[in-house]
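Student: Take a look at the following structure, please.
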Amino acid sequence: MRIQRYTIYIILLLSGILDIKAQGLLTNGLEYNLSAEMSSSFGDHTPLWLNANKYGLSSLDKQNGHLRVGIERPIETDSLREWAIGYGIDIATTYNYTSNFIIQQAYGEVGWKKGLLTVGSKQMPMELKNQELSSGSQTLGINARPIPQVRLSLPEYWTLPILNNWVSVKGHIAYGKMTDNNWQEDFAASSGNKYAKDILFHSKAGFIKIGNENKWQHFSLELGLEMACQFGGTSFNVTGVEGGALDVIENKNGLGAFWDAFIPGGSDTPEENYKNVSGNHLGNWMTRLNFDYDKWYLGIYGEHFFEDHSSMFFLDYDGYEEGKDNKVRKDNRYILYDFKDMMLGAEVKLKDFRYMNNVVFEYLYSKYQSGPIYHDHNENVSGHIGGVDDYYNNSIYPGWQHWGQVIGNPLYLSPIYNEDGKIEIKNNRFYAFHLGLSGDPLPNLHYRVLTTYQKGWGTYKSPYTNPKHNVSVLAEAIYKCPDNFLYGGWSIRGAYGFDHGSIYGDNHGIQLTLTKTGIFDL
């Protein structure tokens, strides 16, 4: 009933917009998108790259499909105006998905000069990454369903009128609410596992670009920081907290909780002796070096993911008193952590070689996580070691996921793969090599190939008995029909994927997608 009610509200809203402004500003550039997709696989489930990095509109079931319809007025339609308006609705009816009906996107946005306010669910691209060929971003990726939110942003770089126009900035701040209450309860509650309802969401990011296209057009350097947080809501069946297991935890939901999400602070409800900041905080440092010439482009980038201070700054305070005064700071002493966990990548574009015009290579390493030891200072041992960061997992919240898919990089094993009803990431210590390439051998034909090798150790708390290996491959081709074919806008995509190994199992399958796009003539 809730989905039906939301659908009616959205239809009425868009109907009102189209009725009031049918001959005005809000309907020019209005686009539509219709698609039908089906997947058929053999093995344990759908292969990794037929399922991952599709903004959560996918399924692990061996036989699945969806019908999708979308209407959108891109904000870029008003690019020549000081004020800009965009909106869209994108819905799908599905077969063998986690929901039978999905509101994938429903949003409105208003732009003024460089600023943009977006309200609702919208698919946001990754920062500093190739959207088609990268394995994904470790904090704000494209693997899970969009989270409804209010987002204020500078989406494109704004050149500051200082330092001779060599510095540009962009970024965003957002608050929202996750929508997977029912899925979490159905997936976890029947087995007595941890889950949460009404989880609130916060993200922020800032990027600096150093470069002047008028004076040195071939070079630029980008530096950035992404941070995100789950907070608020109610947690159920939580174990391992101070004082033992708790059936229900009412997390902080007031204005103070929103501030503690913005500037990490406070503490979670059950914490007494050893207080951490409130909510599940995480993020990553990012950098990218660009060399752009007439015939080729080279981008070299790096990313470091973190869950707390020890992995964010590689530094922790360790100068506490001994005995009963072990919580008192005494000495100017710190512990230094190694710089090991990272993503390193390179992207090459060959602008005049259509047969293979884009290549991406990435290396990911996440085994360290500030080390295998976690110890809070106490009367017997005053030393403090902040290891076992347990990436994407949290003691109170069900981890960095939405509708069973990790919000970041899909090589961290999503909870939707778990057969025991636990909403947790069971493989977050791994290294991986990823290669993606694409080309346009014919004017209307585009292809891409993804190949990934991964070796995983599970987690520090639940390691695999023996390391697990996996190879995942995707081969995909898209053919856009000529404009004279039924008035144009038709395309067909065919993809073959397979997994081989003990992380995702042995799977192979095909995926076919038929799409029709166009612009309304209003």
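Student: In the stretch 194-231, what residues are at pLDDT 95 or above and in a loop (DSSP other than H, G, I, E, B)?
Tutor: Correct list: D198, I199.
Student: Continuing with this model, one more query. Taking the stretch 232-244 on its own, how many of its residues are modelled with pLDDT under 90 and among the hydroxyl-bearing types (S, T, Y)?
Tutor: Filtering the stretch 232-244 for residues modelled with pLDDT under 90 gives 237-244.
Next, only the ones that are among the hydroxyl-bearing types (S, T, Y) stay: 239.
Adding up the residues that qualify gives 1.
Student: Let me ask something additional. In the stretch 172-220, what residues are under 20 Å from M126 (Cα atoms) and touching a Lys or Arg at 6+ places or on another chain (Cβ under 7 Å)?
Tutor: H172, I173, A174, F201, F207, S220
Student: If you go through the stretch 493-509, how many residues are assigned to a strand (DSSP E or B), touching a Gly at 6+ places or on another chain (Cβ under 8 Å) and buried (at least 17 other Cβ atoms within 10 Å of the Cβ)?
Tutor: Pass one, the stretch 493-509, residues assigned to a strand (DSSP E or B): 493-501, 507-509.
Then keep just the ones that are touching a Gly at 6+ places or on another chain (Cβ under 8 Å); that gives 496-499, 507-509.
Still in the running and buried (at least 17 other Cβ atoms within 10 Å of the Cβ): 497-499, 507, 509.
Of the residues in that region, 5 qualify.
Student: Show the residue pairs meeting these rules: Cβ distance below 6 Å; 6+ apart or different chains; first residue within the stretch 354-372 and surrounded by fewer than 24 Cβ atoms within 10 Å (Cβ to Cβ) and of a type in the set (A, V, I, L, M, F, W, C); second residue part of a strand (DSSP E or B) and modelled with pLDDT of 95 or more.
Tutor: Note: pairs meeting the criteria are M356/L437; M356/G439; V359/V348; V359/L437; F361/A346; F361/L435.
Student: May I ask you to list pairs of residues, at least six apart or on different chains, whose Cβ atoms are under 9 Å apart, with the first in the stretch 311-331 being aliphatic (A, V, I, L, M) and the second being in a loop (DSSP other than H, G, I, E, B)?
Tutor: Sorted first by the residue in the stretch 311-331, then by its partner, the pairs are L315/Y337; V328/E321.
Student: Would you mind listing the strands (runs of 3 or more DSSP E) fully within the stretch 91-166 where at least 3 residues are closer than 23 Å to S59 by Cβ? Break it down stepwise before answering.
Tutor: Details: elements: 101-112, 115-121, 149-159.
Correct list: 101-112.
Student: How many residues are polar (S, T, N, Q) and touching an Asp or Glu at 6+ places or on another chain (Cβ under 8 Å) when one looks only at the stretch 218-238?
Tutor: Let us first name the residues in the stretch 218-238 that are polar (S, T, N, Q), namely 220, 230, 234-235, 237.
Next, from what is left, pick out any that are touching an Asp or Glu at 6+ places or on another chain (Cβ under 8 Å): 220, 234, 237.
Number satisfying all stated conditions: 3.
Student: With respect to T46, determine if the residue is within 30 Å of L450 (Cα to Cα), in a loop (DSSP other than H, G, I, E, B) and either open to solvent by less than 10 Å² (accessible area, probe 1.4 Å) or touching a Cys at 6+ places or on another chain (Cβ under 9 Å) (or both).
Tutor: Details: within 30 Å of L450 (Cα to Cα): yes; in a loop (DSSP other than H, G, I, E, B): yes; either open to solvent by less than 10 Å² (accessible area, probe 1.4 Å) or touching a Cys at 6+ places or on another chain (Cβ under 9 Å) (or both): yes.
Yes; evaluated as a whole, the condition is true for this residue.
Student: For the subset of the stretch 60-75 comprising residues that are closer than 21 Å to P148 by Cα and free of Cβ contacts under 8 Å to residues at least 40 places away in the same chain, which member is surrounded by the fewest Cβ atoms within 10 Å (Cβ to Cβ)?
Tutor: Step one: of the stretch 60-75, the residues closer than 21 Å to P148 by Cα are 68-75.
Narrowing further to those that are free of Cβ contacts under 8 Å to residues at least 40 places away in the same chain: 68-70.
Details: R68: 19, V69: 14, G70: 17.
Step by step, filter the stretch 60-75, then rank; the result is V69.
Student: Right, here's the next one. Restricting attention to the stretch 300-341, report how many residues are within 20 Å of V277 (Cβ to Cβ), of a type in the set (F, W, Y), open to solvent by less than 100 Å² (accessible area, probe 1.4 Å) and assigned to a strand (DSSP E or B).
Tutor: Within the stretch 300-341, the first condition is being within 20 Å of V277 (Cβ to Cβ), and the residues that meet it are 304-318, 320, 327, 329, 334-335, 337.
After this cut, where a residue has to be of a type in the set (F, W, Y) as well, the list is 305-306, 313-314, 317, 320, 334, 337.
With open to solvent by less than 100 Å² (accessible area, probe 1.4 Å) added as a condition, the list becomes 305-306, 314, 317, 320, 337.
Add one more test, that the residue is assigned to a strand (DSSP E or B), and what stays is 305-306, 317, 320.
Number satisfying all stated conditions: 4.
Student: Could you list, ordered by first residue, the pairs with Cβ atoms under 7 Å in which the first is in the stretch 191-214 and within 18 Å of T139 (Cα to Cα) and the second is among the acidic types (D, E), at least 6 apart or interchain?
Tutor: Within 7 Å, the pairs are A205/E127; A205/E226; F207/E127; F207/E222.
Student: Can you pull out the residues in the stretch 425-457 that are without any contact (Cβ under 8 Å) to a residue 40 or more places away in the chain and assigned to a loop (DSSP other than H, G, I, E, B)? Spell out how you get there, then give the answer.
Tutor: Going residue by residue through the stretch 425-457, those that are without any contact (Cβ under 8 Å) to a residue 40 or more places away in the chain are 425-426, 442-447, 449, 451, 453, 455.
Once the filter is applied, which keeps residues that are without any contact (Cβ under 8 Å) to a residue 40 or more places away in the chain and assigned to a loop (DSSP other than H, G, I, E, B), the stretch 425-457 yields I425, K426, P443, N444.
Student: For N393, state whether it is surrounded by fewer than 22 Cβ atoms within 10 Å (Cβ to Cβ) and modelled with pLDDT of 95 or more. Walk me through it before giving the result.
Tutor: On the way: surrounded by fewer than 22 Cβ atoms within 10 Å (Cβ to Cβ): no; modelled with pLDDT of 95 or more: yes.
Considered against the rule, which asks whether it is surrounded by fewer than 22 Cβ atoms within 10 Å (Cβ to Cβ) and modelled with pLDDT of 95 or more, N393 comes out as no.
The values are calculated or read from the model by the stated rules, or taken from the named source; none is laboratory data. Note that the coordinates shown come from a computational prediction; the quantities given were computed from them, not determined experimentally. Ideal geometry is used to build each Cβ from the backbone, glycine not excepted, and the neighbour counts take in all protein chains shown. SASA here: full protein model, heavy atoms, side chains in, ligands and nucleic acids out. Shrake-Rupley method; radii C 1.70, N 1.55, O 1.52, S 1.80 Å.
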